[in-house]
Amino acid sequence: MNIPAWTKPGVWGAVIGAAAFTIFGFSYMGWSTAGTSERMAAERADTAVVAALVPFCVAKAERDADPAVMVKFKAETSSYSRSDIVRTAGWATMPGMSSPDTALARACSDRLVTALK
């Protein structure tokens, strides 16, 4: 069987071109793997859930029967301490949750700070 002389360079060109196009696609054209896409979708969903639950957290804080907790919250300057107060007061624990959500506590704390100013 006679193979034309241009076959070997043509095959190598196709292989190198495919590799270069793949690298270019993932680097500059925004391609992503399924795992990356799933991780990004999960992050967006978590962010949307937190954003939807923040008003309920703020409402729980405003209705809290213990005014000392809100006084302590207003006195804190550290964002970590404020979100910790939100967690321990139970404002970031929504119905159906067994423990407070850290991201929700942080977002609720930030919203309460802006609402109180």
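The values are calculated or read from the model by the stated rules, or taken from the named source; none is laboratory data. This is a predicted model, so every value here is computed, not measured. Counting neighbours? That spans all protein chains shown, and the Cβs are built from the backbone with ideal geometry, glycine included. All accessible areas refer to the heavy atoms of the entire protein, side chains included, with ligands and DNA or RNA removed. Shrake-Rupley method; radii C 1.70, N 1.55, O 1.52, S 1.80 Å.
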Accessible carbon and sulfur surface of segment 36-117 relative to its total accessible area, %, 1.4 Å: 56 percent
Dipole-positive endmost among Thr114, Val58, Met97 within segment 50-117 (Cβ charges, Cα centre): Thr114
Kyte-Doolittle mean at least -0.5 and Cα axial length at least 24 Å: DSSP H helices in the chain: 7-28, 34-62
Within segment 64-114: Cβ-based charge dipole about Cα centre, in debye rounded to nearest 20 (Lys, Arg +1; Asp, Glu -1): 100 debye
Choice from Phe56, Phe26, Phe73 with maximal GNM fluctuation in the chain (Cα, 10 Å cutoff): Phe26
Histogram of C-alpha separations across the chain, 10 Å bin width, %: 12, 28, 16, 11, 11, 8, 7, 5, 2, 0
Helix-only CD estimate at 222 nm, as mean residue ellipticity for the chain, using -39500 (n - 2.57) per DSSP H run (n ≥ 4): -24500 deg cm²/dmol
Segment 1-67-segment 75-116 distance, computed between alpha-carbon centres (Å): 31 Å
Rounded accessible area per residue of the chain, 1.4 Å, Å²: 71 Å²
